[in-house]
Amino acid sequence: YLQFSSEFGVIGIILLGALVISSFVKSLRVQFTSRSRTRRGMAFAACMGILSIMIHSAVDFNLQIPANAVLFIILLAIPWLSRTQ
């Protein structure tokens, strides 16, 4: 997180934090409000994936690997897609 904030500044870390928190909250909402088991399962998977990548990023430069960064973006998008359909 320190490296990301030094590269992109305070505004960049605030934008990233807002995106991650809003996606995490959206996944929790989908878990508790959706009637579809598939949507709830996708939201749960996104919630656990976001949480695991954020924990791993606390001790390693995990998001510098392009495959991990793309996976993280996909995990952030899943709650938004499962809510709209």
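A few points about this structure:
- Normalising by residue count, the chain has a Cα convex hull of 82 Å³ per residue.
- Long hydrophobic helices in the chain, taken as whole DSSP H segments with a C-alpha length of 18 Å or more on their own axis and mean Kyte-Doolittle hydropathy at least 1.0: 2-33, 66-84.
- Loop-located chymotrypsin sites (Phe, Trp or Tyr not before Pro) in the chain (DSSP state other than H, G, I, E, B) with a sparse environment of at most 14 neighbouring Cβ atoms within 10 Å: 1, 61.
- Each of 34, 23, 9 was scored by the projection of its Cα onto the charge dipole of the chain, and the greatest displacement toward the positive side belongs to 34; charges sit on the C-beta of Lys, Arg, Asp and Glu.
- Under the criterion of Cα pairs below 8 Å and six or more residues apart, the relative contact order for the chain equals 34 percent.
- Surface share of carbon and sulfur [accessible, 1.4 angstrom probe, percent] for the chain: 72
The values are calculated or read from the model by the stated rules, or taken from the named source; none is laboratory data. In this text the structure is predicted, and so the values were computed from the model without any measurement. As a convention, Cβ positions derive from the backbone with ideal geometry for all residues, glycine included, and neighbour counts pool all protein chains shown. We work out accessible area using only protein heavy atoms, side chains counted, and drop any ligands, DNA or RNA first. Shrake-Rupley method; radii C 1.70, N 1.55, O 1.52, S 1.80 Å.
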